[in-house]
Amino acid sequence: MTIALPRKDLFDLPEGIIYLDGNSLGPLPRAVMAHVSQVVTEQWGGQLIRGWNQSRWMQQPGRVGDVVARLLGAPSGSVMMGDTLSIKVFQALAASLALRPERRVILSDNGNFPTDLYMAQGLIDTLGSDHELRVVEPEAVEAAIDESVAVVMLTQVDYRSGRMHDMANITRLTHQAGAVSLWDLAHSAGAVPLDLTATACEFAVGCTYKYLNGGPGSPAFIYVRPDMIEHTRPALAGWMGHAAPFAFDRSYQPAMSIERMRVGTQPVIQTSALEAAMGVWEGVDMQDIRQASIELSERFIREVEARCPDLTLVSPRKASERGSQVSFACEHGYAVMQALIDAGVIGDFRAPNIMRFGFTPLYLDEEDVIKAASILQDILDHERWNAPQYQVVNAVT
Ligand SMILES: *Cc1c(COP(=O)(O)O)cnc(C)c1O
């Protein structure tokens with residue numbers, strides 16, 4: 001039985017499209033259109049600079065952070081919105097290293113999203129120190145956590161395969177070794193149930209344009225465990241994170257709350273889009289989302305394996321080890337995905353040969369999943385991908 005979450009009509013999905021790419025860019029929630037238009041015309045246009053007080057733009061990053069916090073299993077006052085995820089990775093990583101000045105190793109895995117590793121490399125260069133980024137196989141992370149490690153920085157759900165780390169266990173091992181735990185939840189927030197309070201990691205970061213449907217360029221989030229906030233060096237010491245931004249003090253004093261993780265002025269319009277988008281989660285239990293996501297994913301795997309024998313599942317077969325996406329390896333994956341998109345089924349492709357499909361129960365049902373698999377079968381059976389227009393590689397895949 002598939003749980004029907006009657007939320008599809010909260011989204012403005014184009015007619016005839018089956019959208020299996022909500023793990024990359026969530027679709028447009030209808031409420032966003034009216035809200036953003038009102039923010040632009042009434043708040044920005046009408047209130048001008050008075051909007052900072054009249055529409056409480058100043059409180060917006062923390063206010064939206066509190067809404068996002070519920071989906072992370074985090075308390076109010078522990079999540080701040082702003083900047084991009086790459087920036088938040090840098091900030092959390094720098095703060096982590098400052099907490100373990102005597103240790104030198106940043107431990108991560110080679111399934112991590114490249115920007116997370118790039119930001120770590122850049123931070124090490126900036127520090128001009130002898131820190132080391134140690135990158136191991138995902139399966140080797142647990143054994144690699146030792147007392148040389150300052151921080152274990154991992155993305156819970158692998159962006160290519162959907163493989164999911166055991167967050168609770170790795171965090172426990174991290175703390176046993178005296179290291180700091182930093183999780184990237186880019187493919188977890190809004191996809192799988194999270195309980196940051198129980199996990200007890202010091203830091204978590206993530207983006208909001210994937211499963212949270214905040215729109216392209218919507219702000220990232222950063223979580224700091226409440227007891228650590230006052231001990232966290234924000235690293236990017238911007239005026240919005242100052243204890244009193246409008247005192248225009250010449251020296252920096254971090255706020256004594258999660259506000260210290262702010263840097264500069266937030267993108268007010270885009271954060272407003274996210275604020276309205278978060279409305280679709282009202283009353284939604286992440287356990288229901290998880291169950292429905294597993295049912296949709298399993299159904300898709302069964303259908304594709306029965307219909308498309310040339311495709312190989314690269315996601316873990318066990319649902320408990322998988323996030324909310326399913327990936328198949330396919331020799332002509334790029335061209336097949338282009339043909340599939342042309343036929344109204346939108347997924348995406350990751351080099352060298354991975355076709356990714358995201359499952360988002362807020363706006364997908366069993367019928368969509370079966371139809372997507374049958375269209376995929378048709379493309380493969382008739383080699384429809386083998387047309388010249390599907391061989392041209394776009395800048396964004
Ligand atoms: C999507 C994603 C990013 C993207 O970072 P931006 O700064 O938002 O472009 C970073 N890390 C991971 C793990 C991701 O999945």
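A few remarks follow.
- Extension gain for Ala198-Leu13 works out to 63.0 nm (0.36 nm per residue, less the C-alpha to C-alpha distance).
- For the stretch 157-309, averaging the sequence separation of C-alpha pairs within contact (under 8 Å, six or more residues apart) and dividing by the residue count gives a relative contact order of 19 percent.
- Distance distribution note for the stretch 270-388: the fraction of Cα pairs above 18 angstrom is 54%.
- Karplus-derived 3J(HN,Hα) values for the stretch 181-190, using 6.51 cos²θ - 1.76 cosθ + 1.60 with θ = phi - 60°, are 10, 10, 10, 9, 10, 3, 9, 10, 4, x Hz; glycine and proline are entered as x.
- Mean separation of Cα contacts under 8 Å (6+ apart) over length of the stretch 56-281, as relative contact order %: 24
- Hydrodynamic analysis of the stretch 341-397 uses the Kirkwood radius over alpha carbon pairs. Inserted into Stokes-Einstein at 37 °C and 0.692 mPa s, it gives a translational diffusion coefficient of 256 µm²/s.
- For Ala243, neighbours were defined as the other residues whose beta-carbon sits under 15 Å from its Cβ, and their charges (Lys and Arg +1, Asp and Glu -1) total +1.
- Each Lys or Arg adds one and each Asp or Glu subtracts one; over the other residues with Cβ under 10 Å from the Cβ of Phe203, this totals 0.
- Distance from the alpha carbon centroid of the stretch 291-310 to that of the stretch 323-357 works out to 14 angstrom.
- Where GluC sites (Glu not before Pro) fall in DSSP loop in the stretch 305-385, at most 13 other Cβ within 10 Å: Glu331, Glu383
- Mean-position separation - Cα centroids, the stretch 83-116 and the stretch 181-226, in angstrom: 15
- Label-to-label distance, Arg134 versus Ala329, with points set 7 angstrom from Cα along the beta-carbon direction: 2.9 nm.
- A convex hull fitted around the alpha carbon atoms of the chain yields 146 Å³ per residue.
- Low-density loop cleavage sites - chymotrypsin sites (Phe, Trp or Tyr not before Pro) in the stretch 199-307, where at most 13 other Cβ are within 10 Å (DSSP): Phe248, Tyr252
- Lys, Arg +1 and Asp, Glu -1 on Cβ, resulting dipole of the chain about Cα centre, debye, nearest 20: 980
- The stretch 56-281: Cα Rg divided by the 2.2 N^0.38 Å rule of thumb: 0.96
- Cα radius of gyration and Dmax for the stretch 1-135 (Å): 20.5, 57
- Across the stretch 284-300, rounded Karplus estimates of 3J(HN,Hα) from the backbone phi angles (6.51 cos²θ - 1.76 cosθ + 1.60, θ = phi - 60°) give 8, 9, 5, 5, 5, 4, 4, 4, 5, 5, 5, 4, 5, 5, 5, 5, 5 Hz, Gly and Pro being marked x.
- Taken over the Cα atoms of the stretch 1-74, the convex hull encloses 144 Å³ per residue.
- Under the simplified labelling scheme, the Glu42-Ala143 pair shows an inter-label distance of 6.0 nm, with each label point 7 Å from Cα along Cα→Cβ.
- Within the stretch 135-266, antiparallel bridges make up roughly 45 percent of the DSSP beta bridges whose residues both belong there.
- Checking every one of the trypsin sites (Lys or Arg not before Pro) in the stretch 51-147 against DSSP loop status and a limit of 13 other Cβ atoms within 10 Å picks out Arg56.
Read-outs: derived from the displayed coordinates by stated rules, not from any lab. The shown structure was predicted, so the numbers you read here are calculated from the model rather than taken from an experiment. Don't worry about glycine lacking a Cβ; one is built from the backbone with ideal geometry, like all the others, and counts go over all protein chains shown.
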